[in-house]
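The values are calculated or read from the model by the stated rules, or taken from the named source; none is laboratory data. Note that the coordinates shown come from a computational prediction; the quantities given were computed from them, not determined experimentally. Cβ sites come from the backbone with ideal geometry, for glycine too, and all protein chains shown count toward neighbours. Accessible surface is based on the protein model in full, side chains and every heavy atom, while ligands, DNA and RNA are left aside. Shrake-Rupley method; radii C 1.70, N 1.55, O 1.52, S 1.80 Å.
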Amino acid sequence: MAFDYEKWIRPGKLPHIWCPGCGHGIIMKGMIRAMESLKLKKENTVIVSGIGCASRLPGYIDCCTLHTAHGRAAAFATGVKLAKPEMDVIIVGGDGDGTAIGGNHFIHACRRNINLTYIIMNNNIYGMTGGQFSPCTPTGALASTTPYGNPDPGFDVAKLAIGAGATFVARGTSFHANQIDKLIAEAIQHKGFSVVEILDDCPTTYGRRNKFKSVIEMMNRLKDIAVPVKAAEKMTAEQLKGKVLTGVLYKDDTKPEYTVEYDKVIERAKAAK
Amino acid sequence: MEKKLPKIEISEKLCKGCHICVEFCPKDVLEMKGFYASVKNLEACISCMQCELRCPDFAIKVITE
Ligand SMILES: Cc1ncc(C[n+]2csc(CCOP(=O)(O)OP(=O)(O)O)c2C)c(N)n1
Ligand code: SF4
Ligand code: SF4
Ligand code: SF4
Ligand SMILES: [Mg+2]
């Protein structure tokens, strides 16, 4: 049976603003399937974003939503979670929002291991503002601000998250649509800071400039470079050159969670009075 | 045994003509007709839902029983 996405969409909000073929729509659908599979309640679910094309997502979803300042979604979400620890709080946003202007908030949210889910829609570019390079733009790629090729190496968002202390880290792609809901559902269920990086496609400001003939070519590239973690175990370093691992990359259930630890601080403060 | 064919609905209000559903249908059921995706050969459809799953725009629905 066709999936009932309408249940989670604010009436009258479609069509969304994203360009033809933009992976953000594919990710939003995966997110809706994940929320539905976990039977999340609209009144108990908060989606928080910053600024960017990706960050427009909460405007479409019929639950509690916050569209905040550029790069600050993690800070707002931390506040919501501390005030309402029983709510499921999900952050969404782009690579620019999350790793450039919001990079500091991102790593510190990872470090605290607060029970939030961060879905980072990594299309390797500032899509909204016309294609400036981001910290996730690969070396050599063309952006409006790197017309002769980007000299910087890009961040590996998953490694950054693991290094900073996130306790659940997964990666998918906008081509592997079927996997997106499963990764997001597992991330939401994890009690700690979860990061799901979805390698995404921006045909308008990244694809065209980087000589992809169409969004189909971008999709096929995602298909070619993705290697599931299990399959990678049997591959040589040579075979893994130019590939990216997908699936659940890291999971640690032993670390203390921030809202639980913060409650203890409150108790200690009360006892000290 | 005769296979059950689904009903495929494509919304022209939502379709942005990206070609994704046409390209990734394993049975070549869909085609672009002008700006929009359209059903060319429903007989070949195996109700795999790939088109519905991949459409970024909520524009295509595969309705099975
Ligand atoms: C404080 C501030 N600085 C800069 C901007 C301009 N700006 C808007 S969106 C954006 C980048 C968005 O990139 P990303 O998060 O990757 O989202 P995408 O559009 O690619 O989905 C920038 C720099 C802003 N809105 N506010
Ligand atoms: S500019 Fe890029 S990221 Fe923004 S909606 Fe268009 S394709 Fe998507
Ligand atoms: S359900 Fe599968 S076979 Fe049928 S049109 Fe969609 S992609 Fe093609
Ligand atoms: S995938 Fe969706 S938006 Fe793209 S052509 Fe098909 S129906 Fe239209
Ligand atoms: Mg981006």
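Here are a few things to note about the model shown:
- Flag for B:Lys16 being touching a Cys at 6+ places or on another chain (Cβ under 8 Å), more than 10 Å from ligand 3 (Cβ to nearest atom) and within 27 Å of A:Met31 (Cβ to Cβ): yes
- Counting only strands (runs of 3 or more DSSP E) that fall entirely inside chain B and contain at least 2 residues that are facing another protein chain (nearest Cβ under 7 Å) and more than 16 Å from ligand 1 (Cβ to nearest atom), the qualifying elements are B:60-63.
- Any chance A:Asn104 is more than 14 Å from every other protein chain (Cβ to nearest Cβ) and more than 9 Å from ligand 1 (Cβ to nearest atom): yes
- Which numbered condition A:Ile114 fails, given (1) open to solvent by less than 10 Å² (accessible area, probe 1.4 Å); (2) in a loop (DSSP other than H, G, I, E, B); (3) over 19 Å from A:Thr78 (Cα atoms); (4) aliphatic (A, V, I, L, M): (3)
- Pairs meeting the criteria (first residue in segment A:215-237 and over 17 Å from B:Ile20 (Cβ atoms), second residue open to solvent by 90 Å² or more (accessible area, probe 1.4 Å), beta carbons under 6 Å, at least 6 apart or on different chains) are lacking.
- Selected residue (criterion: nearest to A:Asp62 (Cα to Cα)) from residues of segment A:4-40 that are open to solvent by 50 Å² or more (accessible area, probe 1.4 Å) and facing chain B (nearest Cβ under 7 Å): A:Pro15
- Residue in segment A:127-147 that is surrounded by fewer than 19 Cβ atoms within 10 Å (Cβ to Cβ), within 30 Å of A:Leu38 (Cα to Cα) and without any contact (Cβ under 8 Å) to a residue 60 or more places away in the chain present: no
- Any chance A:Asn124 is more than 16 Å from ligand 4 (Cβ to nearest atom) and on the phi > 0 side of the Ramachandran plot: yes
- A:Ala166 being part of a helix (DSSP H, G or I) and closer than 22 Å to A:Phe193 by Cα: no
- Residues that are within 19 Å of A:Arg10 (Cβ to Cβ), within 14 Å of chain B (Cβ to nearest Cβ) and either surrounded by 20 or more Cβ atoms within 10 Å (Cβ to Cβ) or without any contact (Cβ under 8 Å) to a residue 60 or more places away in the chain (or both) do not occur anywhere in segment A:79-95.
- Test: residue in segment A:199-209 that is in contact with a strand residue (DSSP E or B) (Cβ under 6 Å, 6 or more places away or on another chain) and away from ligand 1 (no atom under 12 Å from the Cβ): yes
- Scan of segment A:191-223 for residues that are surrounded by 22 or more Cβ atoms within 10 Å (Cβ to Cβ), outside any helix (DSSP H, G or I) and away from every other protein chain (no Cβ under 13 Å), ordered by number: A:Gly192, A:Phe193, A:Ser194, A:Val195, A:Val196, A:Glu197, A:Leu199
- Condition check for A:Val227: more than 16 Å from ligand 4 (Cβ to nearest atom), crowded, with 21+ Cβ neighbours inside 10 Å and not in a helix (DSSP H, G or I): no
- Residues considered: B:Lys27, B:Lys13, B:Lys7, B:Lys33. Of these, the only one that is touching a strand residue (DSSP E or B) at 6+ places or on another chain (Cβ under 6 Å) and open to solvent by 60 Å² or more (accessible area, probe 1.4 Å) is B:Lys7.
- Some residue of segment A:71-89 being within 15 Å of ligand 2 (Cβ to nearest atom) and out of contact with any Lys or Arg (no Cβ under 9 Å at 6 or more places or on another chain): no
- Scanning segment A:1-58 for residues that are small (Gly, Ala, Ser), closer than 17 Å to B:Cys21 by Cβ and free of Cβ contacts under 8 Å to residues at least 12 places away in the same chain gives A:Ala2, A:Gly25.
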